[in-house]
Structures are given as structure tokens and as C-alpha cells.
């Protein structure tokens with residue numbers, strides 16, 4: 001083996017090792033700052049509000065160490081955007097507790113439309129902050145998928161779902177959006193068993209439900225999926241990036257609808273499907289549409305008081 005060949009082999013091995021460290025680090029960072037520590041602490045000890053600051057501290061440490069340790073360098077922007085997510089979320093949550101804000105929207109006991117509008121304005125403000133941060137980091141809109149994308153892009157086969165050959169997202173996305181929304185409706189109906197009179201209340205609240213579901217779907221898809229995929233796409237391969245964002249999203253729905261491990265599994269599956277949609281179409285539309293239809297049913301049941309929170 002020549003010296004040049006040997007040098008190339010060593011360089012390739014070191015590059016592979018550095019990439020492996022980056023992948024392991026990305027998963028370790030995600031799990032550490034996800035909702036997992038909150039769930040474990042809440043279930044065992046109760047109360048989790050203080051955990052956000054150790055998470056921010058860990059992310060700041062990652063950014064600092066990345067200045068000196070090569071395997072963390074590709075994850076610097078991923079850590080930075082998570083810092084923005086946490087600080088913006090905490091800041092707007094604090095703002096929502098001020099007398100001025102509650103004078104506008106009321107507190108958590110306010111009417112459905114007022115209370116949920118308050119929450120969605122907070123989430124939208126966080127999302128706009130994240131978008132501004134990504135633009136300041138030098139990303140272009142299409143690089144973090146703030147675009148509808150190619151709606152008829154081919155969807156890669158998923159044999160476990162009965163899809164054995166590629167088909168356009170216009171068909172795959174439409175079918176699965178309807179399937180998932182129908183599944184959500186059946187689950188909520190069986191769980192809540194609403195009275196027939198609830199239908200009238202849902203019709204009355206429908207304009208608010210559609211507006212709130214649209215906002216919630218956009219905020220969650222942009223903040224917790226597109227932004228993460230945009231900062232990870234050059235670090236992890238597409239499959240790893242999708243699963244990492246899906247697990248992060250799923251864990252965050254432990255206290256959502258449905259509640260507990262079932263909710264985590266369902267949200268993780270949806271997160272995987274919607275992450276796949278974003279990467280394959282290079283845009284947000286199908287992920288938003290699937291999420292929107294599911295949220296329509298969740299917010300409808302919330303509007304008539306049959307469920308208490310929405311993911």
C-alpha cells in the first residue's frame with residue numbers, strides 16, 4: 001500500500017469516526033433537551049418548570065465545546081436553534097401570564113376561543129422568532145423548508161404501510177391525511193363518547209376551530225420539524241434526521257391528546273410521516289395538511305369540552 005493510499009484510508013477512517021460521533025451526539029443532545037427529562041421528573045417527583053434552564057445550559061455548553069471539538073461543530077446550529085426555541089417559548093409564556101395579556105385574552109379558564117387564541121399567538125410568536133433566527137444564521141427559506149414544496153414529488157415506498165412502489169405525494173399525502181384524521185376522529189369519539197347535542201356546538205365553533213388548527217399545525221411543523229431538519233440535513237442522513245425529529249416530537253406529546261405512551265407512539269409515527277413529507281417534497285405543505293386535519297378533530301372536541309388539551 002502506497003503512502004498516499006494509506007494516508008487516504010486513515011483520513012477516511014477519521015472522517016467516518018467523526019461522523020459517528022456527530023450522530024451519537026445529535027441523539028444524546030435531542031434526548032437530553034426533549035420532554036423526556038420533564039416526563040420522568042414529573043412522574044416521579046412532580047413539577048418540571050426549572051428543567052428548562054439546565055437544558056439551555058447544556059445547549060450553550062454544546063455551542064462552546066463545538067468551537068474546539070470537531071465532532072460537535074456540525075451540530076452548532078442545531079444547538080443554537082434549540083436555544084432559540086426554549087428561550088422564546090419561555091419568554092412568551094412569561095408574557096402570557098402578565099395582567100396586560102390576560103386582560104386581552106383571559107387566563108386558562110377563559111372561553112375556548114379566547115384561551116386557545118392566546119396559546120396559538122404565543123406559538124406563532126415563537127415560530128416567527130425561530131424563522132428570524134434561521135435567516136440570521138444565513139439559511140434561505142427553502143433550506144429550512146419554509147415553502148410549499150413540490151406537491152407531486154414521489155413518495156418513497158413504505159412496505160409496512162402497504163406502499164410497495166413510489167407514488168406521488170398528491171395521492172399518498174391525500175390518502176394518509178384522510179386515514180389519519182379518520183383514525184383520530186374514531187379514537188376521540190370512542191374515548192369521549194360525546195352527546196348528540198355536541199354537534200351543534202361544534203358547528204358553531206367551526207370557524208374558530210379551523211383557524212386555530214391551521215395556526216397550530218403551521219407553528220408545530222415549522223418550529224419542531226422543519227427547523228430541526230433544516231439544521232440537521234447536512235449532519236445526519238435523511239432517515240436519521242427524520243427519526244430524530246419524530247422522536248423529539250413524539251416525546252413532547254406525552255401529555256397531549258391522546259395521553260401517555262399511546263400518544264407518544266402515535267405522535268412519533270405522525271412525526272416520522274410528516275418529516276418524510278418535508279424532506280421528499282422539500283416543503284411544508286403536506287406535513288402541514290396532515291397535521292391540520294388531525295388538529296381539526298382535536299380542537300373540535302376541545303371546543304365542546306370533551307378533551308382538555310391538544311398537541
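Of the residues making up the stretch 226-243, one or more are more than 30 Å from residue 121 (Cβ to Cβ), assigned to a helix (DSSP H, G or I) and at pLDDT below 90. Taken together, the criteria place residue 131 among residues that are surrounded by 16 or more Cβ atoms within 10 Å (Cβ to Cβ), under 23 Å from the mean Cα position of the chain (by Cα) and modelled with pLDDT of 95 or more.
Of the residues contained in the stretch 60-68, one or more are found to be surrounded by fewer than 18 Cβ atoms within 10 Å (Cβ to Cβ), at pLDDT below 95 and not in a helix (DSSP H, G or I). Within the stretch 174-200, the only residue that satisfies the criterion of being more than 14 Å from residue 297 (Cβ to Cβ) and either buried (at least 17 other Cβ atoms within 10 Å of the Cβ) or in contact with a strand residue (DSSP E or B) (Cβ under 6 Å, 6 or more places away or on another chain) (or both) is 176.
The values are calculated or read from the model by the stated rules, or taken from the named source; none is laboratory data. Keep in mind that what you see is a predicted model, and the values were worked out from it rather than measured. Because the Cβ atoms are built from the backbone with ideal geometry, glycine has one as well, and the counts that use them run over all protein chains shown.
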